[in-house]
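The values are calculated or read from the model by the stated rules, or taken from the named source; none is laboratory data. Keep in mind the model is a prediction, meaning the values are calculated, not measured. Backbone-built Cβ (ideal geometry, glycine too); neighbour counts: all protein chains shown.
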Amino acid sequence: MEKDSSAKELNVVILGSKSSQKYLVGNIILGTNAFDAVDITSDCEKREGQVCERRVTLVKTPGWLPGYRLCDTPGLFKTEMILGVSLCPPGLHGFILVINAELPFRGVHKKATEEHLHHCFGEKVLDHTIVIFSHRGLLDQKTIEDHIRKEGPPLQSLLEACGNRYHVLCDDGTDNEVKVKQLFEKIDAMVTENSYYKIESTVMQSVEEGRKEMDIKAEELRLQTQQQWEKLTNLLRGQLNLFIFL
């Protein structure tokens, strides 16, 4: 695929912990309440819209618990994160990593973020990632740069790994149209510099096969539970009939 950053489509996967407010960023970009605030589902959510004369596709992935290691995240969540890439044909412009600027970002948060991103999308994922700081106008600092300085090395080193690409989207009642347009320009520049993100076909195939196996096991468990419930119902019905007969 050519490095055409002026394409009319924009396909992005939104990543972040459960407290990052991914839904807020997605809704600001699309200009509508497309995503629910509750982040308890294990499935990816895909929403589309026409923004700044471009057809925008956003895929919000399941979030990991803030500060929790990769080994603490259920396999289904990690599988869904990877499969989110497949929901953005014909190509993925990049990833948006959402960080809630109203919460502290410590070393454990940096470690958890890097583990999840590298495991799911490879060692080069940060070359295709832009950080978005979300907040509702309640920052202690006057600017996001003040916030970055206050948080220190964990946040600063993560931003450096992302090529110091970051942006701010705030739900404070102001018009975000200009900010969204600026975000698109930053994503276009990232694509021009690093091209589109491509996941290895073998990785995707392995994940899809794993997902099918989990679906089969889930169906087997459902049928087993249904059979046990039917046996219990028949047993109780028989005991009730016996009681009535006596």
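Overview of results
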{"item": "Qualifying position, being under 17 Å from the mean Cα position of the chain (by Cα) and at pLDDT 90 or above, among 105, 121", "result": "121"}
{"item": "Output for region 35-83, where each listed residue is in a loop (DSSP other than H, G, I, E, B) and among the polar types (S, T, N, Q)", "result": "41, 42, 61, 73"}
{"item": "Scan of region 75-105 for residues that are of a type in the set (D, E, K, R) and touching an Asp or Glu at 6+ places or on another chain (Cβ under 8 Å), ordered by number", "result": "80"}
{"item": "Qualifying residue in region 145-165 (condition: modelled with pLDDT under 90, more than 19 Å from residue 93 (Cα to Cα) and not in a helix (DSSP H, G or I))", "result": "no"}
{"item": "Candidate set: region 166-181, residues that are over 19 Å from the mean Cα position of the chain (by Cα) and either part of a helix (DSSP H, G or I) or among the aromatic types (Phe, Trp, Tyr) (or both); chosen: the one surrounded by the most Cβ atoms within 10 Å (Cβ to Cβ)", "result": "179"}
{"item": "Filtered residue count, region 34-63, keeping only those that are crowded, with 17+ Cβ neighbours inside 10 Å, β-branched (Val, Ile, Thr) and out of contact with any helix residue (DSSP H, G or I) (no Cβ under 7 Å at 6 or more places or on another chain)", "result": "1"}
{"item": "Matching residues in region 99-135 - criterion: being assigned to a strand (DSSP E or B) and either hydroxyl-bearing (Ser, Thr, Tyr) or out of contact with any strand residue (DSSP E or B) (no Cβ under 9 Å at 6 or more places or on another chain) (or both)", "result": "129, 134"}
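The rows are residues; the columns are (1) surrounded by fewer than 23 Cβ atoms within 10 Å (Cβ to Cβ); (2) charged (D, E, K, R); (3) assigned by TED's automatic domain parsing to the domain that holds residue 179.
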| residue | (1), (2), (3) |
| --- | --- |
| 100 | yes, no, yes |
| 106 | yes, yes, yes |
| 112 | yes, no, yes |
| 129 | no, no, yes |
| 143 | yes, no, yes |
| 148 | yes, no, yes |
| 153 | yes, no, yes |
| 156 | yes, no, yes |
